[in-house]
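Down below is the structure, laid out as C-alpha coordinates.
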Amino acid sequence: MIELAEALALVEAAAAPLPPRRVPLLEACGRRLAVPVVSDVDSPPWDRAMMDGFAVRSADCGGAEAVDLDVTIDLAAGDVTSLAVGPGSCARIMTGAPVPRGADAVVPVEAAVDGTAGARAGGRVRLRDERFRAGQHIARRGAAFVRGQEVLAAGATLGSAEIGLASEAGATHVIVPPRVRVALLSTGSELVPPDATPAFGQTRNSNGPMLAAAVHLLAAEPIPLGVVADRPEPLRAAVAQGLAADVLVLSGGVSAGDLDLVPAVLERCGVERVFHKVRLKPGKPVWFGVLRRDGAQPTLVFGLPGNPASSLVCFELLARPAIAILAGAPREAWHLPRRRARLAAPAKAAVDRPVYLPCRLADSGSGLAATPLPWTGSSDLLGLAGATGLIALPADGRRHEAGDEVEVVLRS
Ligand code: AMP
Ligand code: MG
(Lines give C-alpha, C1' and ligand atoms only; values in the text may rest on other atoms or scores of the structure.)
(Ligands and ions follow the chains in the order given, each with its own letter.)
Protein backbone atom coordinates (compact mmCIF):
# COMPACT_ATOMS: atom_id res chain seq x y z
CA MET A 1 0.00 0.00 0.00
CA ILE A 2 1.38 3.41 -0.97
CA GLU A 3 0.54 6.99 -0.02
CA LEU A 4 -1.69 9.09 -2.27
CA ALA A 5 1.16 11.49 -3.10
CA GLU A 6 3.31 8.58 -4.27
CA ALA A 7 0.43 7.15 -6.32
CA LEU A 8 -0.09 10.54 -7.94
CA ALA A 9 3.58 10.82 -8.82
CA LEU A 10 3.41 7.40 -10.49
CA VAL A 11 0.28 8.35 -12.46
CA GLU A 12 1.85 11.63 -13.54
CA ALA A 13 5.01 9.84 -14.65
CA ALA A 14 3.02 7.36 -16.75
CA ALA A 15 0.84 9.96 -18.51
CA ALA A 16 1.97 12.12 -21.45
CA PRO A 17 0.02 14.53 -23.69
CA LEU A 18 -1.57 12.96 -26.78
CA PRO A 19 -0.40 14.43 -30.10
CA PRO A 20 -2.66 17.36 -31.05
CA ARG A 21 -4.73 17.37 -34.22
CA ARG A 22 -6.67 19.78 -36.42
CA VAL A 23 -10.44 19.74 -35.90
CA PRO A 24 -13.41 21.89 -36.96
CA LEU A 25 -13.68 24.84 -34.60
CA LEU A 26 -16.89 23.86 -32.82
CA GLU A 27 -15.59 20.37 -32.15
CA ALA A 28 -12.86 22.03 -30.08
CA CYS A 29 -15.36 23.70 -27.75
CA GLY A 30 -14.23 23.34 -24.13
CA ARG A 31 -10.73 22.21 -25.11
CA ARG A 32 -7.36 23.97 -24.98
CA LEU A 33 -5.55 25.23 -28.04
CA ALA A 34 -2.28 23.47 -28.82
CA VAL A 35 -1.38 26.09 -31.43
CA PRO A 36 -2.30 29.81 -31.25
CA VAL A 37 -4.97 31.37 -33.46
CA VAL A 38 -3.65 34.20 -35.66
CA SER A 39 -6.12 36.56 -37.30
CA ASP A 40 -6.31 36.95 -41.07
CA VAL A 41 -8.22 40.26 -40.75
CA ASP A 42 -8.14 43.54 -38.87
CA SER A 43 -10.91 44.05 -36.32
CA PRO A 44 -12.86 46.09 -37.11
CA PRO A 45 -11.88 45.45 -40.74
CA TRP A 46 -12.59 49.09 -41.59
CA ASP A 47 -13.78 52.21 -39.73
CA ARG A 48 -17.23 51.11 -38.65
CA ALA A 49 -20.26 53.25 -37.71
CA MET A 50 -21.41 52.37 -34.20
CA MET A 51 -24.68 54.35 -34.31
CA ASP A 52 -27.51 54.97 -36.75
CA GLY A 53 -27.24 58.62 -37.89
CA PHE A 54 -25.03 60.76 -40.09
CA ALA A 55 -21.36 60.50 -40.98
CA VAL A 56 -20.02 64.06 -40.86
CA ARG A 57 -16.83 66.11 -41.00
CA SER A 58 -16.42 67.21 -37.40
CA ALA A 59 -14.91 70.51 -38.57
CA ASP A 60 -18.28 71.35 -40.18
CA CYS A 61 -20.06 71.09 -36.82
CA GLY A 62 -18.61 73.88 -34.70
CA GLY A 63 -21.12 73.50 -31.92
CA ALA A 64 -22.05 77.18 -31.46
CA GLU A 65 -25.15 76.90 -33.61
CA ALA A 66 -27.14 74.27 -35.49
CA VAL A 67 -25.75 73.33 -38.91
CA ASP A 68 -27.47 72.26 -42.09
CA LEU A 69 -25.70 69.60 -44.15
CA ASP A 70 -26.47 68.11 -47.55
CA VAL A 71 -27.02 64.38 -47.39
CA THR A 72 -25.06 63.02 -50.37
CA ILE A 73 -24.77 59.28 -49.61
CA ASP A 74 -27.03 56.54 -48.09
CA LEU A 75 -25.28 53.66 -46.35
CA ALA A 76 -26.99 50.69 -44.71
CA ALA A 77 -24.96 47.87 -43.10
CA GLY A 78 -23.40 45.96 -45.99
CA ASP A 79 -23.43 48.98 -48.33
CA VAL A 80 -20.16 50.48 -49.49
CA THR A 81 -19.39 53.62 -51.47
CA SER A 82 -16.44 55.06 -53.30
CA LEU A 83 -17.88 58.54 -52.78
CA ALA A 84 -16.36 60.87 -50.20
CA VAL A 85 -18.14 63.21 -47.81
CA GLY A 86 -17.22 66.74 -48.88
CA PRO A 87 -17.39 70.03 -46.93
CA GLY A 88 -20.95 70.93 -45.90
CA SER A 89 -22.26 67.47 -46.63
CA CYS A 90 -22.72 64.18 -44.84
CA ALA A 91 -23.79 60.57 -45.36
CA ARG A 92 -26.86 58.93 -43.88
CA ILE A 93 -25.35 55.85 -42.22
CA MET A 94 -26.56 52.80 -40.30
CA THR A 95 -24.72 50.90 -37.56
CA GLY A 96 -22.23 48.45 -39.05
CA ALA A 97 -21.59 50.33 -42.30
CA PRO A 98 -18.09 51.55 -43.25
CA VAL A 99 -17.63 55.26 -42.57
CA PRO A 100 -17.04 56.91 -45.98
CA ARG A 101 -13.88 58.84 -46.83
CA GLY A 102 -13.94 62.45 -45.71
CA ALA A 103 -16.17 61.85 -42.68
CA ASP A 104 -14.50 61.60 -39.26
CA ALA A 105 -17.46 61.39 -36.87
CA VAL A 106 -20.88 59.77 -36.66
CA VAL A 107 -23.68 61.87 -35.24
CA PRO A 108 -26.59 59.88 -33.84
CA VAL A 109 -29.93 60.35 -35.56
CA GLU A 110 -31.30 61.85 -32.31
CA ALA A 111 -29.09 64.93 -32.94
CA ALA A 112 -31.10 65.84 -36.07
CA VAL A 113 -33.73 68.54 -35.45
CA ASP A 114 -36.82 70.12 -37.08
CA GLY A 115 -38.10 66.88 -38.55
CA THR A 116 -34.91 66.31 -40.58
CA ALA A 117 -33.94 63.01 -38.92
CA GLY A 118 -35.31 61.00 -41.85
CA ALA A 119 -33.26 62.88 -44.47
CA ARG A 120 -31.76 60.70 -47.21
CA ALA A 121 -29.40 61.33 -50.10
CA GLY A 122 -30.61 64.44 -51.96
CA GLY A 123 -32.11 65.96 -48.77
CA ARG A 124 -30.79 68.13 -45.97
CA VAL A 125 -30.34 67.43 -42.30
CA ARG A 126 -30.15 70.01 -39.48
CA LEU A 127 -27.87 69.00 -36.63
CA ARG A 128 -28.23 70.40 -33.10
CA ASP A 129 -25.83 73.03 -31.76
CA GLU A 130 -23.62 70.47 -30.15
CA ARG A 131 -19.91 69.74 -30.46
CA PHE A 132 -19.28 66.57 -32.39
CA ARG A 133 -15.90 65.09 -31.53
CA ALA A 134 -13.67 63.71 -34.29
CA GLY A 135 -13.82 59.92 -34.07
CA GLN A 136 -17.04 59.75 -32.10
CA HIS A 137 -19.20 56.65 -32.63
CA ILE A 138 -16.61 55.17 -34.97
CA ALA A 139 -14.84 51.90 -34.22
CA ARG A 140 -11.48 52.40 -35.94
CA ARG A 141 -10.03 49.78 -38.25
CA GLY A 142 -7.77 47.46 -36.26
CA ALA A 143 -8.71 49.02 -32.92
CA ALA A 144 -9.34 45.59 -31.35
CA PHE A 145 -6.70 43.58 -33.22
CA VAL A 146 -4.85 43.53 -36.51
CA ARG A 147 -4.20 40.99 -39.24
CA GLY A 148 -1.31 38.71 -38.26
CA GLN A 149 -1.90 39.23 -34.53
CA GLU A 150 -2.10 36.20 -32.21
CA VAL A 151 -5.60 36.55 -30.76
CA LEU A 152 -5.70 33.26 -28.82
CA ALA A 153 -2.58 31.85 -27.20
CA ALA A 154 -1.64 28.18 -27.00
CA GLY A 155 -3.30 26.79 -23.88
CA ALA A 156 -6.38 29.04 -24.14
CA THR A 157 -9.60 27.17 -23.36
CA LEU A 158 -12.17 27.55 -26.13
CA GLY A 159 -15.33 28.85 -24.47
CA SER A 160 -18.09 30.76 -26.20
CA ALA A 161 -16.24 34.09 -26.53
CA GLU A 162 -13.10 32.33 -27.77
CA ILE A 163 -15.09 30.39 -30.40
CA GLY A 164 -16.61 33.69 -31.55
CA LEU A 165 -13.20 35.36 -31.66
CA ALA A 166 -11.64 32.47 -33.59
CA SER A 167 -14.51 32.70 -36.09
CA GLU A 168 -13.95 36.42 -36.52
CA ALA A 169 -10.24 35.77 -37.00
CA GLY A 170 -11.00 33.29 -39.79
CA ALA A 171 -10.08 30.09 -37.93
CA THR A 172 -12.59 27.50 -39.13
CA HIS A 173 -10.30 24.75 -37.80
CA VAL A 174 -7.99 24.74 -34.81
CA ILE A 175 -5.29 22.47 -33.44
CA VAL A 176 -6.14 20.93 -30.10
CA PRO A 177 -5.21 17.81 -28.18
CA PRO A 178 -7.65 15.07 -29.20
CA ARG A 179 -10.54 14.27 -26.91
CA VAL A 180 -9.19 11.64 -24.56
CA ARG A 181 -11.08 8.40 -25.16
CA VAL A 182 -11.97 6.78 -21.86
CA ALA A 183 -13.46 3.27 -21.95
CA LEU A 184 -15.64 2.46 -18.95
CA LEU A 185 -16.30 -1.07 -17.79
CA SER A 186 -18.40 -2.01 -14.77
CA THR A 187 -17.55 -5.43 -13.38
CA GLY A 188 -19.80 -7.48 -11.11
CA SER A 189 -22.14 -10.44 -11.58
CA GLU A 190 -24.68 -8.70 -9.32
CA LEU A 191 -24.99 -5.65 -11.59
CA VAL A 192 -28.08 -4.84 -13.64
CA PRO A 193 -28.68 -1.83 -15.89
CA PRO A 194 -30.28 1.28 -14.36
CA ASP A 195 -33.54 0.64 -16.25
CA ALA A 196 -33.99 -2.73 -14.50
CA THR A 197 -35.67 -3.18 -11.14
CA PRO A 198 -33.01 -4.99 -9.14
CA ALA A 199 -34.08 -8.43 -7.87
CA PHE A 200 -32.92 -9.62 -4.46
CA GLY A 201 -29.10 -9.68 -4.56
CA GLN A 202 -28.85 -7.42 -7.59
CA THR A 203 -27.49 -3.88 -7.71
CA ARG A 204 -28.02 -1.22 -10.33
CA ASN A 205 -24.91 -0.19 -12.25
CA SER A 206 -24.59 3.37 -11.02
CA ASN A 207 -20.84 3.57 -11.56
CA GLY A 208 -21.09 3.28 -15.35
CA PRO A 209 -23.21 6.41 -15.88
CA MET A 210 -21.50 8.23 -12.98
CA LEU A 211 -18.03 7.75 -14.41
CA ALA A 212 -19.25 8.54 -17.93
CA ALA A 213 -20.53 11.84 -16.52
CA ALA A 214 -17.21 12.51 -14.77
CA VAL A 215 -15.37 11.85 -18.04
CA HIS A 216 -17.79 14.04 -19.95
CA LEU A 217 -17.26 16.90 -17.46
CA LEU A 218 -13.54 16.73 -18.26
CA ALA A 219 -14.32 17.34 -21.94
CA ALA A 220 -13.10 13.79 -22.63
CA GLU A 221 -15.02 11.11 -24.54
CA PRO A 222 -16.62 8.35 -22.49
CA ILE A 223 -16.86 4.97 -24.22
CA PRO A 224 -19.33 2.98 -22.11
CA LEU A 225 -18.68 -0.76 -22.35
CA GLY A 226 -21.50 -1.68 -19.95
CA VAL A 227 -21.39 -4.45 -17.42
CA VAL A 228 -19.37 -7.65 -17.40
CA ALA A 229 -19.81 -10.57 -14.97
CA ASP A 230 -17.10 -11.81 -12.61
CA ARG A 231 -15.95 -14.54 -14.97
CA PRO A 232 -12.45 -14.61 -16.43
CA GLU A 233 -13.23 -15.07 -20.11
CA PRO A 234 -15.97 -12.44 -20.57
CA LEU A 235 -13.89 -10.08 -18.42
CA ARG A 236 -10.78 -10.67 -20.56
CA ALA A 237 -12.75 -10.03 -23.76
CA ALA A 238 -14.23 -6.81 -22.41
CA VAL A 239 -10.85 -5.63 -21.15
CA ALA A 240 -9.27 -6.35 -24.54
CA GLN A 241 -11.92 -4.13 -26.13
CA GLY A 242 -11.35 -1.36 -23.56
CA LEU A 243 -7.59 -1.40 -24.10
CA ALA A 244 -8.12 0.19 -27.52
CA ALA A 245 -8.96 3.46 -25.75
CA ASP A 246 -6.47 5.98 -24.32
CA VAL A 247 -7.65 5.20 -20.80
CA LEU A 248 -9.56 2.19 -19.49
CA VAL A 249 -11.45 2.69 -16.24
CA LEU A 250 -12.93 -0.40 -14.61
CA SER A 251 -14.97 -0.47 -11.47
CA GLY A 252 -15.32 -3.37 -9.06
CA GLY A 253 -13.36 -6.55 -8.69
CA VAL A 254 -10.12 -5.09 -7.36
CA SER A 255 -10.43 -6.01 -3.66
CA ALA A 256 -9.33 -9.24 -2.01
CA GLY A 257 -12.51 -11.30 -2.65
CA ASP A 258 -12.47 -14.68 -4.40
CA LEU A 259 -14.05 -13.16 -7.50
CA ASP A 260 -12.00 -9.99 -7.62
CA LEU A 261 -10.50 -11.00 -10.92
CA VAL A 262 -9.63 -7.62 -12.36
CA PRO A 263 -5.91 -7.35 -11.40
CA ALA A 264 -5.13 -10.87 -12.66
CA VAL A 265 -7.05 -10.42 -15.92
CA LEU A 266 -5.40 -7.05 -16.59
CA GLU A 267 -1.95 -8.47 -16.05
CA ARG A 268 -2.81 -11.42 -18.30
CA CYS A 269 -3.78 -8.87 -21.00
CA GLY A 270 -0.29 -7.39 -20.79
CA VAL A 271 -1.11 -4.43 -18.57
CA GLU A 272 1.88 -3.74 -16.35
CA ARG A 273 0.87 -3.07 -12.75
CA VAL A 274 2.16 0.23 -11.37
CA PHE A 275 0.40 0.10 -8.00
CA HIS A 276 -2.38 -1.71 -6.20
CA LYS A 277 -3.83 -0.20 -2.99
CA VAL A 278 -3.44 3.37 -1.84
CA ARG A 279 -3.66 4.63 1.73
CA LEU A 280 -6.98 6.37 1.18
CA LYS A 281 -10.52 6.19 2.56
CA PRO A 282 -12.72 5.57 0.69
CA GLY A 283 -10.86 3.89 -2.17
CA LYS A 284 -8.06 1.76 -0.72
CA PRO A 285 -8.14 -1.15 -3.26
CA VAL A 286 -7.57 1.08 -6.33
CA TRP A 287 -5.31 -0.46 -9.02
CA PHE A 288 -3.30 1.32 -11.70
CA GLY A 289 -1.28 0.00 -14.62
CA VAL A 290 -0.07 0.74 -18.13
CA LEU A 291 -0.31 -1.22 -21.36
CA ARG A 292 2.68 -0.40 -23.58
CA ARG A 293 2.68 -1.36 -27.24
CA ASP A 294 5.26 -0.77 -29.93
CA GLY A 295 4.47 2.21 -32.09
CA ALA A 296 1.23 3.09 -30.29
CA GLN A 297 0.17 5.32 -27.44
CA PRO A 298 0.15 3.44 -24.14
CA THR A 299 -3.22 2.81 -22.51
CA LEU A 300 -3.54 3.84 -18.87
CA VAL A 301 -5.72 1.49 -16.83
CA PHE A 302 -7.48 2.27 -13.57
CA GLY A 303 -9.22 -0.44 -11.59
CA LEU A 304 -11.48 1.51 -9.25
CA PRO A 305 -13.23 -0.06 -6.27
CA GLY A 306 -16.87 -1.00 -6.92
CA ASN A 307 -18.45 0.95 -4.12
CA PRO A 308 -19.77 4.04 -5.89
CA ALA A 309 -18.42 6.70 -3.55
CA SER A 310 -15.01 5.02 -3.51
CA SER A 311 -15.11 4.79 -7.28
CA LEU A 312 -15.81 8.47 -7.70
CA VAL A 313 -13.26 9.63 -5.11
CA CYS A 314 -10.57 7.50 -6.77
CA PHE A 315 -11.58 8.75 -10.19
CA GLU A 316 -11.37 12.39 -9.10
CA LEU A 317 -8.10 12.00 -7.21
CA LEU A 318 -6.23 9.67 -9.56
CA ALA A 319 -7.87 9.25 -12.98
CA ARG A 320 -8.70 12.94 -13.45
CA PRO A 321 -5.04 14.06 -13.46
CA ALA A 322 -4.16 11.31 -15.95
CA ILE A 323 -6.93 12.42 -18.32
CA ALA A 324 -5.94 16.07 -17.88
CA ILE A 325 -2.30 15.30 -18.73
CA LEU A 326 -3.30 13.31 -21.85
CA ALA A 327 -5.48 16.29 -22.83
CA GLY A 328 -2.49 18.62 -22.65
CA ALA A 329 -3.75 20.58 -19.63
CA PRO A 330 -1.20 22.69 -17.74
CA ARG A 331 -0.08 21.36 -14.35
CA GLU A 332 -2.33 23.74 -12.40
CA ALA A 333 -5.38 22.16 -14.06
CA TRP A 334 -4.46 18.54 -13.37
CA HIS A 335 -6.08 18.29 -9.95
CA LEU A 336 -9.24 19.44 -8.27
CA PRO A 337 -8.41 22.65 -6.40
CA ARG A 338 -7.77 22.46 -2.64
CA ARG A 339 -8.66 25.15 -0.12
CA ARG A 340 -8.24 25.74 3.61
CA ALA A 341 -11.56 25.95 5.49
CA ARG A 342 -12.84 25.88 9.07
CA LEU A 343 -15.03 23.02 10.19
CA ALA A 344 -18.60 24.10 10.96
CA ALA A 345 -19.16 20.83 12.90
CA PRO A 346 -16.86 18.09 14.21
CA ALA A 347 -15.41 15.47 11.83
CA LYS A 348 -13.69 12.21 12.72
CA ALA A 349 -10.40 11.12 11.17
CA ALA A 350 -9.44 7.47 10.66
CA VAL A 351 -6.35 5.93 12.27
CA ASP A 352 -5.02 3.96 9.34
CA ARG A 353 -5.66 6.16 6.28
CA PRO A 354 -6.36 9.78 5.31
CA VAL A 355 -10.11 10.12 4.91
CA TYR A 356 -12.17 12.16 2.46
CA LEU A 357 -15.57 13.26 3.80
CA PRO A 358 -18.29 14.96 1.73
CA CYS A 359 -19.05 18.48 2.88
CA ARG A 360 -20.79 21.64 1.84
CA LEU A 361 -18.62 24.74 1.60
CA ALA A 362 -19.86 28.23 2.29
CA ASP A 363 -18.25 31.63 2.61
CA SER A 364 -18.59 32.48 6.29
CA GLY A 365 -17.48 36.09 5.89
CA SER A 366 -14.15 35.26 7.59
CA GLY A 367 -13.12 32.54 5.14
CA LEU A 368 -14.56 29.23 4.04
CA ALA A 369 -16.65 27.09 6.36
CA ALA A 370 -16.97 23.34 5.69
CA THR A 371 -20.06 21.54 6.98
CA PRO A 372 -19.65 17.74 6.95
CA LEU A 373 -22.69 16.08 5.35
CA PRO A 374 -24.47 13.02 6.74
CA TRP A 375 -22.79 10.12 4.99
CA THR A 376 -22.76 6.40 5.67
CA GLY A 377 -19.58 5.64 3.75
CA SER A 378 -18.23 4.17 0.55
CA SER A 379 -21.53 2.90 -0.87
CA ASP A 380 -23.49 6.10 -0.09
CA LEU A 381 -23.94 8.35 -3.12
CA LEU A 382 -26.69 10.44 -1.50
CA GLY A 383 -24.22 12.14 0.83
CA LEU A 384 -21.82 12.75 -2.02
CA ALA A 385 -24.43 14.05 -4.45
CA GLY A 386 -25.09 17.24 -2.49
CA ALA A 387 -21.46 17.87 -1.62
CA THR A 388 -19.44 20.79 -2.93
CA GLY A 389 -16.19 19.50 -1.44
CA LEU A 390 -14.39 16.69 0.32
CA ILE A 391 -12.76 17.34 3.68
CA ALA A 392 -9.34 15.68 3.68
CA LEU A 393 -8.36 14.60 7.19
CA PRO A 394 -4.93 13.14 7.98
CA ALA A 395 -4.72 9.65 9.48
CA ASP A 396 -4.43 10.91 13.06
CA GLY A 397 -7.55 9.21 14.44
CA ARG A 398 -8.58 12.54 16.00
CA ARG A 399 -11.98 14.12 16.32
CA HIS A 400 -11.47 17.47 14.58
CA GLU A 401 -13.62 20.08 16.30
CA ALA A 402 -15.79 22.86 14.89
CA GLY A 403 -13.52 25.83 14.18
CA ASP A 404 -10.48 23.64 13.38
CA GLU A 405 -8.79 24.41 10.09
CA VAL A 406 -8.90 21.58 7.55
CA GLU A 407 -8.06 21.02 3.89
CA VAL A 408 -10.95 20.67 1.46
CA VAL A 409 -10.83 19.30 -2.10
CA LEU A 410 -13.37 21.18 -4.20
CA ARG A 411 -15.73 19.03 -6.26
CA SER A 412 -16.12 19.70 -9.94
P1 AMP B 1 -16.38 -4.77 -5.48
O2 AMP B 1 -15.38 -3.66 -5.55
O3 AMP B 1 -16.55 -5.48 -6.77
O4 AMP B 1 -16.06 -5.69 -4.35
O5 AMP B 1 -17.77 -4.11 -5.16
C6 AMP B 1 -17.97 -3.43 -3.92
C7 AMP B 1 -19.41 -3.01 -3.79
O8 AMP B 1 -19.71 -2.11 -4.82
C9 AMP B 1 -20.39 -4.16 -3.95
O10 AMP B 1 -21.44 -3.96 -3.05
C11 AMP B 1 -20.86 -4.03 -5.36
O12 AMP B 1 -22.15 -4.54 -5.55
C13 AMP B 1 -20.85 -2.54 -5.55
N14 AMP B 1 -20.67 -2.20 -6.95
C15 AMP B 1 -19.72 -2.71 -7.76
N16 AMP B 1 -19.84 -2.20 -9.00
C17 AMP B 1 -20.88 -1.35 -8.96
C18 AMP B 1 -21.49 -0.52 -9.93
N19 AMP B 1 -21.05 -0.48 -11.18
N20 AMP B 1 -22.54 0.23 -9.55
C21 AMP B 1 -22.96 0.19 -8.28
N22 AMP B 1 -22.43 -0.56 -7.34
C23 AMP B 1 -21.40 -1.35 -7.64
MG1 MG C 1 -17.52 -7.13 -7.41
Any hit, the stretch 137-144, residues being surrounded by fewer than 19 Cβ atoms within 10 Å (Cβ to Cβ) and at pLDDT below 95: no
Residue satisfying all of: in the stretch 293-313; in a helix (DSSP H, G or I) and out of contact with any helix residue (DSSP H, G or I) (no Cβ under 7 Å at 6 or more places or on another chain); nearest to ligand 2 (Cβ to nearest atom) among these: 310
Selected residue (criterion: most open to solvent (accessible area, probe 1.4 Å)) from residues of the stretch 291-346 that are within 16 Å of ligand 1 (Cβ to nearest atom) and of a type in the set (S, T, N, Q): 307
Residue match in the stretch 240-256 (condition: within 11 Å of ligand 2 (Cβ to nearest atom), open to solvent by 40 Å² or more (accessible area, probe 1.4 Å) and more than 24 Å from residue 411 (Cβ to Cβ)): yes
Selection from the stretch 372-386 of residues that are among the aliphatic types (A, V, I, L, M) and without any contact (Cβ under 8 Å) to a residue 40 or more places away in the chain: 373, 382, 385
Residue count for the stretch 199-215, restricted to those that are more than 10 Å from ligand 1 (Cβ to nearest atom), in contact with a strand residue (DSSP E or B) (Cβ under 6 Å, 6 or more places away or on another chain) and open to solvent by 60 Å² or more (accessible area, probe 1.4 Å): 0
Unmet requirement for residue 196, which otherwise passes all of (1) in contact with a strand residue (DSSP E or B) (Cβ under 8 Å, 6 or more places away or on another chain); (2) in contact (Cβ under 8 Å) with a residue 12 or more places away in the chain; (3) open to solvent by less than 40 Å² (accessible area, probe 1.4 Å): (2)
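If only one of 182, 125 is in a strand (DSSP E or B), touching a Ser or Thr at 6+ places or on another chain (Cβ under 6 Å) and buried (at least 16 other Cβ atoms within 10 Å of the Cβ), which one is it?
125
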Unique match (being more than 16 Å from ligand 2 (Cβ to nearest atom) and either of a type in the set (Asp, Glu) or not in a helix (DSSP H, G or I) (or both)) among 194, 198: 194
Only one of 55, 66 that is out of contact with any helix residue (DSSP H, G or I) (no Cβ under 9 Å at 6 or more places or on another chain), modelled with pLDDT under 95 and surrounded by 14 or more Cβ atoms within 10 Å (Cβ to Cβ): 66
The lone exception for residue 271 - which of (1) open to solvent by 30 Å² or more (accessible area, probe 1.4 Å); (2) away from ligand 1 (no atom under 16 Å from the Cβ); (3) on the phi < 0 side of the Ramachandran plot it fails: (1)
One residue from 135, 148, 164 being within 22 Å of residue 30 (Cα to Cα) and either of a type in the set (Gly, Ala, Ser) or part of a strand (DSSP E or B) (or both): 164
Residue within the stretch 274-286 that is in a strand (DSSP E or B), farther than 20 Å from residue 409 by Cβ, open to solvent by less than 10 Å² (accessible area, probe 1.4 Å) and among the β-branched types (Val, Ile, Thr) present: no
First in the stretch 73-96 and buried (at least 16 other Cβ atoms within 10 Å of the Cβ), second anywhere and hydroxyl-bearing (Ser, Thr, Tyr), Cβ under 8 Å, 6 or more apart: 73/81; 75/81; 85/72; 89/72; 90/72; 91/72; 91/81
All positions within the stretch 151-161 that are at pLDDT 95 or above and not in a loop (DSSP other than H, G, I, E, B): 151, 152, 160, 161
Residue in the stretch 9-42 that is farthest from residue 170 (Cα to Cα), counting only those that are open to solvent by less than 10 Å² (accessible area, probe 1.4 Å) and more than 19 Å from the chain's Cα centre (by Cα): 11
Every residue from the stretch 220-238 that is in a helix (DSSP H, G or I) and of a type outside the set (Lys, Arg): 232, 233, 234, 235, 237, 238
Members of the stretch 145-179 found to be farther than 29 Å from residue 297 by Cα and open to solvent by 60 Å² or more (accessible area, probe 1.4 Å), listed by number: 146, 147, 149, 150, 160, 161, 167, 168
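The values are calculated or read from the model by the stated rules, or taken from the named source; none is laboratory data. What you see is a predicted model, and the numbers here were worked out from it, not measured in a lab. No Cβ is skipped: glycine too gets one built from the backbone with ideal geometry, and neighbour counts run over all protein chains shown. Quick note on the areas: whole protein, heavy atoms, side chains included, nothing else; ligands and nucleic acids left out. Shrake-Rupley method; radii C 1.70, N 1.55, O 1.52, S 1.80 Å.
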